[in-house]
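Worksheet for the structure shown next.
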Amino acid sequence: MFNIILFGPPGSGKGTQSEKLIAAYGLKHLSTGDLLRSEIAKQTVLGLEAKSIMDRGQLVPDAVVVGMISSALDSNPEAKGFLFDGFPRTVAQSEALDKLLEGKNTAIGVVLALEVSEEELVHRLLNRGLTSGRSDDTNEPVIRARIKEYQDKTMVVSDHYSRFGKVVKVKGEGTVDEIFASLCSEIDKRMSL
Ligand code: AP5
């Protein structure tokens with residue numbers, strides 16, 4: 001089993017690249033943002049509580065997202081590996097993920113960290129907000145709040161995995177195909193070890 005964390009700030013291209021990577025490597029895509037938006041669409045209690053937090057650009061509580069990931073791991077016993085997108089986003093989430101994977105005799109193979117300038121992130125997300133229907137994309141202060149949450153709480157997750165030599169920085173600006181080729185090259189190097 002080969003497990004990947006696709007890491008990076010809001011708008012860095014995690015969702016875009018995840019679609020291509022799961023097709024290329026046959027991995028199971030686990031996006032906590034998508035899981036939360038599905039709860040919102042179904043109007044569950046969890047979804048309604050998460051929506052107000054997401055609309056402010058803040059992180060939902062660790063226990064909520066860890067619970068969702070734990071269920072998703074249990075529901076996919078046949079997976080060849082997992083591609084985590086938007087998770088983990090705090091040190092507590094990364095420690096919980098490590099334990100969950102250890103319980104399944106596996107671990108994170110690589111953390112691919114997409115690097116994109118803040119102005120490009122804001123430009124991409126405002127642009128997507130014109131058509132996406134995502135309420136957290138439509139106003140700049142909320143987009144900046146999401147980026148600040150990333151800087152304050154999520155960037156340290158990369159330090160957690162750096163200690164184990166698992167983090168690779170990848171330039172996240174350029175065409176989607178160029179970035180995809182860089183990501184594949186890093187994955188191929190590690191999968192063949
Ligand atoms: P989530 O859904 O994870 O959103 P995000 O991290 O803010 O990321 P995005 O989906 O906005 O961006 P992305 O990096 O996937 O980029 P994308 O490919 O879409 O989280 C939303 C919220 O849910 C959070 O704020 C939080 O409240 C909550 N949440 C989720 N997970 C959580 C967790 N683990 N813990 C706590 N709370 C959690 O691309 C963006 C745009 O750029 C698109 O329009 C795309 O077409 C375009 N684009 C992509 N690549 C390129 C390129 N190379 N050049 C130009 N444009 C490009």
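The values are calculated or read from the model by the stated rules, or taken from the named source; none is laboratory data. Values in this document were obtained by computation on a predicted structure and should not be read as measured data. So basically every Cβ, Gly included, is an ideal-geometry build from the backbone, and we count neighbours across all protein chains shown. SASA here: full protein model, heavy atoms, side chains in, ligands and nucleic acids out. Shrake-Rupley method; radii C 1.70, N 1.55, O 1.52, S 1.80 Å.
Residues Thr138, Thr154: which one is within 10 Å of the ligand (Cβ to nearest atom) and β-branched (Val, Ile, Thr)?
That would be Thr154, the only listed residue that is within 10 Å of the ligand (Cβ to nearest atom) and β-branched (Val, Ile, Thr).
Among Leu59, Leu46, which is the only one that is surrounded by 15 or more Cβ atoms within 10 Å (Cβ to Cβ), within 14 Å of the chain's Cα centre (by Cα) and within 14 Å of the ligand (Cβ to nearest atom)?
Checking each option against the conditions leaves just Leu59.
How many of the residues making up segment 176-189 are open to solvent by less than 70 Å² (accessible area, probe 1.4 Å) and either closer than 17 Å to Arg124 by Cβ or in contact (Cβ under 8 Å) with a residue 12 or more places away in the chain (or both)?
Counting residues in segment 176-189 that are open to solvent by less than 70 Å² (accessible area, probe 1.4 Å) and either closer than 17 Å to Arg124 by Cβ or in contact (Cβ under 8 Å) with a residue 12 or more places away in the chain (or both) gives 8.
Give the residues of segment 62-105 that are surrounded by fewer than 20 Cβ atoms within 10 Å (Cβ to Cβ) and within 8 Å of the ligand (Cβ to nearest atom), sorted by residue number.
Asp62, Val64
Can you name every residue in segment 135-155 that is touching a helix residue (DSSP H, G or I) at 6+ places or on another chain (Cβ under 6 Å) and loosely packed, with under 13 Cβ neighbours inside 10 Å?
Answer for segment 135-155, where residues must be touching a helix residue (DSSP H, G or I) at 6+ places or on another chain (Cβ under 6 Å) and loosely packed, with under 13 Cβ neighbours inside 10 Å: there is none.
Taking Ala50 as the residue in question, decide whether it is aliphatic (A, V, I, L, M), in contact (Cβ under 8 Å) with a residue 12 or more places away in the chain, over 26 Å from Gly172 (Cα atoms) and in a loop (DSSP other than H, G, I, E, B).
no
Cβ-Cβ below 9 Å, separation at least six or inter-chain, first residue in segment 75-99 and within 14 Å of Asn3 (Cβ to Cβ) and in a strand (DSSP E or B), second open to solvent by 70 Å² or more (accessible area, probe 1.4 Å) and away from the ligand (no atom under 14 Å from the Cβ): which pairs?
Phe82/Met1; Phe82/Lys28; Leu83/Lys28
Would a scan of segment 98-109 turn up a residue that is under 21 Å from Gly11 (Cα atoms) and at pLDDT 95 or above?
So far as segment 98-109 goes, no, none of its residues is under 21 Å from Gly11 (Cα atoms) and at pLDDT 95 or above.
Pairs needed: first member in segment 15-26, under 13 Å from Ile179 (Cβ atoms); second member anywhere, modelled with pLDDT of 95 or more and surrounded by fewer than 15 Cβ atoms within 10 Å (Cβ to Cβ); C-beta distance under 7 Å; at least 6 residues apart or different chains.
Correct list of pairs: Thr16/Val176.
Applying the selection to segment 124-134, what residues are open to solvent by 50 Å² or more (accessible area, probe 1.4 Å) and more than 8 Å from the ligand (Cβ to nearest atom)?
Leu126, Leu130, Thr131, Gly133
Which count do you get for residues in segment 10-29 that are closer than 20 Å to Leu97 by Cα, more than 10 Å from the ligand (Cβ to nearest atom) and either outside any helix (DSSP H, G or I) or hydroxyl-bearing (Ser, Thr, Tyr) (or both)?
Adding up the residues that qualify gives 3.
Condition first: at positive phi and open to solvent by 50 Å² or more (accessible area, probe 1.4 Å). Can you find one or more residues in segment 107-123 that meet it?
No, segment 107-123 has no match at all.
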